[in-house]
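Right, one structure below, let's go through it.
The values are calculated or read from the model by the stated rules, or taken from the named source; none is laboratory data. Worth saying up front: this structure is predicted, and the values here are computed from it rather than measured. No Cβ is skipped: glycine too gets one built from the backbone with ideal geometry, and neighbour counts run over all protein chains shown.
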């Protein structure tokens, strides 16, 4: 099996066919289906059929479709914009395609991908809005299933709303400044009172709402969203985060945010990396604060994209304080923090009835000073401890927790790259933890979870933390 690629083998496009010939060759169901599809457009459909089946013939007559009752000859493809070979005879269809290609006319042969210059999609029609669904030959059933789902999502009145928008386009281009102000106008047009009035089939009210919206359009104030990108897996991004990323003029992102998630923003949005990783700080926190303030004052709508949740070790507090001090509006969009994703990967209960009723988030650096944090005593009473960024201080974490009275046999789970396909899971006990700082192959973000509840994890998914124990366990199994 070839490696998976995100690149398409076809380029999705829409042909201009209004008033132009779309030629369909065939007598039966295949030709019938292509003609029905083409009647969604304003193409001039010409059916070439020498012996049409009864139902197809009746359809052609009922819809007044131009029909040529003759056997195929090469000259019939001349002047066409599109050609559909749907005779049911593979040899005949190939001959039709070859004739079309000789005239440089794109052609499609039913069920013969090598003789298709284009593929016909499953179509959701809300003219002038159209959603075309292609599967590159994976199967029409899949395309039809997707079409049914999309059809349910799109309002039946969407086409009328789009028609109304076309009538306002030139006025908006003249009155509303290009950029964020214009995007915000159209967003409100398509999702607010105008859309509601069209859905109620009250076109006069829709026009009044559109005119009111036009009169109130003005320069957009800057706005910052502090967005949690989640632990790494793109499909763990929240719907709200995805929505605001499509609204942003600028995306300011950290080093731990995968490029796949950064790319989910608007294609024309500016992308600024401010990544901070251990030993490689491209911008200080003060510089990031100043950047957000500058962008906000420029009237930009900005997504500040942070790994995990912005309020958990994301230094969002400093950024919010800087924005408040300068009067720039902002809001927080929560994300799934790494501890939750790591526990899910390990099938590990963070709280467990009768065993652990509390949960502590911390960084390993909290346990490196001379004073033991107050929360460390919670570990002794059964709390589950989730340690962020704990690999390089693992020895200190283990030593200080054992000094606080946590038994050396307390179970620990270690997760690198939580939620991602390349995640790695390790298990052991507290006295094994110092071995973690020597595991240089763990280059991704590492989460350490400690506590009695960890014993409820599924260790079949992981490997022992200590290499010697791993070898002995493998020997015991053999």
Open item on the list: I need the full set of residues from the stretch 235-256 which are within 20 Å of residue 291 (Cβ to Cβ) and part of a loop (DSSP other than H, G, I, E, B), in order please.
Closed with: 248, 249, 254, 255, 256
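Is the stretch 39-61 home to any residue that is free of Cβ contacts under 8 Å to residues at least 40 places away in the same chain, touching a strand residue (DSSP E or B) at 6+ places or on another chain (Cβ under 6 Å), in a helix (DSSP H, G or I) and within 22 Å of residue 124 (Cα to Cα)? Walk me through how you get there before you give the answer.
From the stretch 39-61, those free of Cβ contacts under 8 Å to residues at least 40 places away in the same chain are 39, 41-61; that's our starting set.
Filter once more, keeping what is touching a strand residue (DSSP E or B) at 6+ places or on another chain (Cβ under 6 Å): 43-48, 60.
The next check asks that each one be in a helix (DSSP H, G or I); those that pass are 60.
If we keep only those that are within 22 Å of residue 124 (Cα to Cα) as well, we get none.
Within the stretch 39-61, none of the residues are free of Cβ contacts under 8 Å to residues at least 40 places away in the same chain, touching a strand residue (DSSP E or B) at 6+ places or on another chain (Cβ under 6 Å), in a helix (DSSP H, G or I) and within 22 Å of residue 124 (Cα to Cα).
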TODO: Mind listing whichever residues of the stretch 62-81 are part of a helix (DSSP H, G or I) and touching a strand residue (DSSP E or B) at 6+ places or on another chain (Cβ under 7 Å)?
DONE: 76, 77
Open item on the list: I need the full set of residues from the stretch 226-251 which are within 22 Å of residue 345 (Cα to Cα), touching a helix residue (DSSP H, G or I) at 6+ places or on another chain (Cβ under 7 Å) and without any contact (Cβ under 8 Å) to a residue 60 or more places away in the chain, in order please.
Closed with: 234
TODO: Kindly provide the set of residues from the stretch 141-177 that are within 26 Å of residue 122 (Cα to Cα), in contact with a helix residue (DSSP H, G or I) (Cβ under 8 Å, 6 or more places away or on another chain) and surrounded by fewer than 14 Cβ atoms within 10 Å (Cβ to Cβ), ordered by number.
DONE: 155
TODO: Scan the stretch 323-333 and give yes if some residue there is assigned to a helix (DSSP H, G or I), under 30 Å from residue 180 (Cα atoms), in contact with a helix residue (DSSP H, G or I) (Cβ under 8 Å, 6 or more places away or on another chain) and free of Cβ contacts under 8 Å to residues at least 40 places away in the same chain, otherwise no.
DONE: no
TODO: Please give the number of the condition residue 105 fails out of (1) within 12 Å of residue 25 (Cα to Cα); (2) in contact with a helix residue (DSSP H, G or I) (Cβ under 6 Å, 6 or more places away or on another chain); (3) modelled with pLDDT of 95 or more.
DONE: (1)
Task: Residue check, residue 255 surrounded by fewer than 19 Cβ atoms within 10 Å (Cβ to Cβ) and modelled with pLDDT of 95 or more - done: no
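Please enumerate the residues belonging to the stretch 405-427 that are surrounded by fewer than 16 Cβ atoms within 10 Å (Cβ to Cβ) and either closer than 21 Å to residue 466 by Cβ or in contact with a helix residue (DSSP H, G or I) (Cβ under 6 Å, 6 or more places away or on another chain) (or both).
In the first step, residues of the stretch 405-427 are kept if they are surrounded by fewer than 16 Cβ atoms within 10 Å (Cβ to Cβ); the result is 405, 407-409, 421-422.
Hits for the stretch 405-427 are 405, 407, 408, 409.
Could we say that residue 271 is closer than 20 Å to residue 230 by Cα, in contact with a strand residue (DSSP E or B) (Cβ under 7 Å, 6 or more places away or on another chain) and surrounded by 14 or more Cβ atoms within 10 Å (Cβ to Cβ) here? If you could, list the steps in order and put the result at the bottom.
Working: closer than 20 Å to residue 230 by Cα: yes; in contact with a strand residue (DSSP E or B) (Cβ under 7 Å, 6 or more places away or on another chain): yes; surrounded by 14 or more Cβ atoms within 10 Å (Cβ to Cβ): yes.
So residue 271 fits the description; yes.
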- [ ] Could you tell me which residue of the stretch 38-56 is surrounded by the most Cβ atoms within 10 Å (Cβ to Cβ), considering only residues that are out of contact with any helix residue (DSSP H, G or I) (no Cβ under 8 Å at 6 or more places or on another chain) and within 14 Å of residue 83 (Cβ to Cβ)?
- [x] 38
Open item on the list: Return the pair list, or none, for Cβ contacts closer than 9 Å from residues in the stretch 129-149 that are at positive phi to residues that are surrounded by 13 or more Cβ atoms within 10 Å (Cβ to Cβ) and outside any helix (DSSP H, G or I), at least 6 apart or on different chains.
Closed with: 136/119; 137/116; 137/119
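Could you count how many residues in the stretch 287-311 are crowded, with 20+ Cβ neighbours inside 10 Å and part of a loop (DSSP other than H, G, I, E, B)? Walk me through it before giving the result.
We begin by selecting, within the stretch 287-311, every residue crowded, with 20+ Cβ neighbours inside 10 Å; these are 288-289, 292, 295-296, 300-310.
After this cut, where a residue has to be part of a loop (DSSP other than H, G, I, E, B) as well, the list is 300, 307, 309-310.
The total comes to 4.
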TODO: For residue 208, indicate whether it is free of Cβ contacts under 8 Å to residues at least 24 places away in the same chain and part of a helix (DSSP H, G or I).
DONE: yes
